[in-house]
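Q: Take a look at the following structure, please.
The values are calculated or read from the model by the stated rules, or taken from the named source; none is laboratory data. No experiment lies behind these values; they were computed from the predicted model shown. All Cβ positions, even for glycine, are placed from backbone atoms using ideal geometry, and neighbour counts span all protein chains on display. SASA here: full protein model, heavy atoms, side chains in, ligands and nucleic acids out. Shrake-Rupley method; radii C 1.70, N 1.55, O 1.52, S 1.80 Å.
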Amino acid sequence: MRTTSASLLEFEALRELLGRYVASPLGRAELDRAAPRGDRVSVENELAEVAEAVAYLEIASRPQPAARGAAVRFRFDGLPDPAEALGRLRIEGAALEPKQIQGLAELLDRASDIRGILLAAAPRFPKLAARAAAMVDFRGLLKELAGKILPDGTVADDASPELARLRREIERQRRLIEQSLERFLRAHREDGLLQEEFITIRNERFVVPVVAGQRWRIEGVVHGASGSGHTLFIEPLETIELNNELVRLVEEEAREVHRILLELSARLRERLEAIARTAQILGELEWLFARAAFARDFGAVTPRFSPAGARRLYLRDARHPLLEDVLRRQRRSVVPFTLELDGGTRVLLISGPNSGGKTVTLKTVGLLALMAQAAIPVTCAEAELPFFDQVLADFGDAQSIQESLSTFTAHMARIRSVVEEATADSLVLLDELGRATDPDEGGALGIAILEHLRRAGAFTLASTHLAALKVYGATTPGVINASMGFDEATLAPNFQLRIGAPGKSAGLDIAARLGLPSSLLERARTALGAREQDVARFIRELHEKLERLERQERELREERERLETRERSLAAEWQRRESAKLAELERRFQETLEKFEQRAAELFEQLRQSGVSEKRARQRVARLEGELREQIRGIPGMAPEGAPGAGPHPLREGVRVRLRDVREPARVRRLIGDDRLEVEAGLLRMQVSRDEVLEVLPETALGARRSAAYRLEAPVRSVEVLREINVIGQHAEEAVAAVDKFLDSAALASIERVRIVHGHGMGVLKRAIADLLSGHPHVARFYPAPPHEGGAGATIVELKE
């Protein structure tokens, strides 16, 4: 992407603002390289990484349990600059200084920590983890370097056995020298030879201070004198050999230290490219998180780029980041603006009062476009932009004395460059188009320039005070007017961008606010031509109408919000009442059901004790069911969903029914005579009597919740084959196989209770069937039949649901 207008749009000042979020030289290097780019794929990928970094910081700023994969906020400050050390490693045979080795070890250690944290968070932040994964694991190398260099930058004693031995020897030799000199001091303490009684070092050798006039009394080597010349620093003869030995040991120590540094440097040199790559990724990560921190502080969002076939420039609540930074320090806020251009409308003409924000609006759009293509979040609530090949701009007074260019000449020179370079993929920003010349000629020239850019397809934003351009914006397809707001009460700009109408320059009003004499203002108004007055009046009336429309739109929006709130409130109240009503219905239904079950139990007991006939028993049960239906009809809202064949759900072919002892609803296939019907339940088809139908179900499931299915255990046995099997007279093996198959069919038909008739006999069949039932997967429990169902000659089996 060509960035010839970056300086006009203050991209460098933005870089300085972002520099507040960069702490290390590595991040600073990435910041310095940041610039708008023309590779759409790489920019979109990087913006996606920045979006992940924003989400990471959001989570890391909140309390979260300490666990693997938690978002831990890490810092980049204090990271050493590895540039010099890496450059030295590229020189074969060169040894690094201990501080440089220590700096690289610290850098790799921090990189290892960050790498581990981001890899652990890979499920939530895959893009950041992918960046971290590109860093090499240096744990082995760090283990080798550990403890070799002390925090003060010296090589540790245990860096090698030889170094440890030499340093022990050096320490022992120093003690010997000190002991020898202490004996010398004690021997001459009282004879006036010593200037002071202490041991010091000159030229790397231990010496004692002697009075200059007493030099002749001592044999030794003079290594220096005090500034006054009154003291000589002498190495006594008896310590010369000891000092010589110390010098030799120190030189050996220096050679061993150099050898160790060469060895450590060689190990680092083997991983040079990996270290350099890791340092670069650390800088890239810091730059990612710096942009994320900026986005959080300034409420910036990740922009999206519109498809090539549906180019759109949409900025909602856009703000200039540099202006916002300045106003924040003054405890003031920026007035945001919203605009939208697309393939049908690519030219926006902004007019309005001086100091009203026209230039700031143009610069904001331009800077946000550069930020987006530099993969920097933009200060908007929402942003969609075309991917531009260049941003071309002309701002302000470009007069040049050195080049003998007037303001208009410089303006036209820049416009010529814009016209020549603009393409359909360009963003063009023109401030005060047609300025610094005759208004009529400037207007005509401005129209020609804008028409050329419109035909070229460039997204163009221009500001103007010229009436000709305002008329052009109102009458030309693909061009739209906009205005910066002006408060008629205070005669001051309000910096609000209004799309759809031109603005008035309000020069006379602003002059009045600034205190220009009223006589001069009146004379100026008189001098205005009729055309200018008509245009001013038209614009004023247009703005008044727009304000009324906006006010009505705002009132309608508020009224709609009130209605929606009331609707939600009414819906919640209705839901509450319905829930209460349903709870009451369920309570009353439950009471009725409990009474019915109690009466049914009493009736069954009476029938059992009285031994009434089967016909009489059926009549009593049918009467009891009828009473239950009447009670259910008496409950408001629950009639007549109940009984079979009643009300709106008669028994006919195709309806769904609920059968006694069958959990799954069945569908009636055909009616057989007056008292039987063929039904299909699941995969099974069977014939049942009408008495087995407990309920006709509605086609919707709405009533199923409130309808009741009652299992009336009448003292008469069913004749349905799927509810009973007779194996009397069969061999045990045949009977077991038949019963097993029978149980499978019954379970498939969702039957809850079956009877197996096996007779009394010798009990062989009964035991074989009991063995089968005790481990059968469909059987919940089994027990001997009651006397009226066969007693010990039959077994009742209850199947699992």
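Q: Provide a single number: the residues in region 147-191 that are in contact with a Gly (Cβ under 9 Å, 6 or more places away or on another chain) and exposed (fewer than 13 other Cβ atoms within 10 Å of the Cβ). Break it down stepwise before answering.
A: First, the residues of region 147-191 that are in contact with a Gly (Cβ under 9 Å, 6 or more places away or on another chain): 156, 158-159.
With exposed (fewer than 13 other Cβ atoms within 10 Å of the Cβ) added as a condition, the list becomes 158.
Summing the residues that are in contact with a Gly (Cβ under 9 Å, 6 or more places away or on another chain) and exposed (fewer than 13 other Cβ atoms within 10 Å of the Cβ) in region 147-191 gives 1.
Q: Right, next: Taking the residues in region 487-509 that are under 21 Å from His320 (Cα atoms) and either out of contact with any strand residue (DSSP E or B) (no Cβ under 9 Å at 6 or more places or on another chain) or at pLDDT 65 or above (or both) as candidates, determine which candidate is surrounded by the fewest Cβ atoms within 10 Å (Cβ to Cβ).
A: The selected residue is Asn494.
Q: Something else: Listed residues Val43, Val72; which is open to solvent by 50 Å² or more (accessible area, probe 1.4 Å) and either farther than 21 Å from Ile114 by Cβ or without any contact (Cβ under 8 Å) to a residue 60 or more places away in the chain (or both)?
A: So the residue among Val43, Val72 that is open to solvent by 50 Å² or more (accessible area, probe 1.4 Å) and either farther than 21 Å from Ile114 by Cβ or without any contact (Cβ under 8 Å) to a residue 60 or more places away in the chain (or both) is Val72.
Q: Report yes if some residue within region 742-751 is buried (at least 17 other Cβ atoms within 10 Å of the Cβ), closer than 30 Å to Gln609 by Cβ and in contact (Cβ under 8 Å) with a residue 60 or more places away in the chain; otherwise report no.
A: Looking through region 742-751, at least one residue is buried (at least 17 other Cβ atoms within 10 Å of the Cβ), closer than 30 Å to Gln609 by Cβ and in contact (Cβ under 8 Å) with a residue 60 or more places away in the chain.
Q: For Lys127, indicate whether it is in contact with a Gly (Cβ under 8 Å, 6 or more places away or on another chain), open to solvent by 30 Å² or more (accessible area, probe 1.4 Å) and modelled with pLDDT of 90 or more. Steps first, answer last, please.
A: Details: in contact with a Gly (Cβ under 8 Å, 6 or more places away or on another chain): no; open to solvent by 30 Å² or more (accessible area, probe 1.4 Å): yes; modelled with pLDDT of 90 or more: yes.
Here the answer is no, as Lys127 does not meet what is asked.
Q: Same structure again: So which pairs qualify, if the first residue must be in region 316-340 and closer than 17 Å to Ala383 by Cβ, the second must be among the aromatic types (Phe, Trp, Tyr), the Cβ gap must be under 7 Å, and the two must be at least 6 apart or on different chains?
A: Within 7 Å, the pairs are Ala318/Phe337; Pro321/Phe298; Glu324/Phe298; Glu340/Tyr314.
Q: Okay, next question. Going through region 239-292 one residue at a time, which ones are surrounded by 14 or more Cβ atoms within 10 Å (Cβ to Cβ) and acidic (Asp, Glu)?
A: Glu245, Glu252, Glu253, Glu256, Glu263, Glu284, Glu286
Q: A further question on this structure: Out of all the residues in region 754-776, which are open to solvent by 40 Å² or more (accessible area, probe 1.4 Å), modelled with pLDDT under 85 and not hydrophobic (A, V, I, L, M, F, W, C)?
A: Kept after step one, since they are open to solvent by 40 Å² or more (accessible area, probe 1.4 Å), are these residues of region 754-776: 760-762, 764, 766-767, 771, 774-775.
Filter once more, so that each one left must be modelled with pLDDT under 85: 760-762, 764.
Within region 754-776, His760, Gly761 meet the criteria.
Q: Can you find even one residue in region 327-341 that is within 22 Å of Thr475 (Cα to Cα) and part of a loop (DSSP other than H, G, I, E, B)?
A: no
Q: Turning to a different aspect of this structure: Mind checking whether some residue in region 220-237 is exposed (fewer than 12 other Cβ atoms within 10 Å of the Cβ), part of a loop (DSSP other than H, G, I, E, B) and among the polar types (S, T, N, Q)?
A: Yes, region 220-237 contains a residue that is exposed (fewer than 12 other Cβ atoms within 10 Å of the Cβ), part of a loop (DSSP other than H, G, I, E, B) and among the polar types (S, T, N, Q).
Q: If you don't mind, another one. Take the residues of region 443-480 that are surrounded by fewer than 23 Cβ atoms within 10 Å (Cβ to Cβ) and among the polar types (S, T, N, Q): which is modelled with the lowest pLDDT?
A: Restricting to residues being surrounded by fewer than 23 Cβ atoms within 10 Å (Cβ to Cβ) and among the polar types (S, T, N, Q), the top hit is Thr475.
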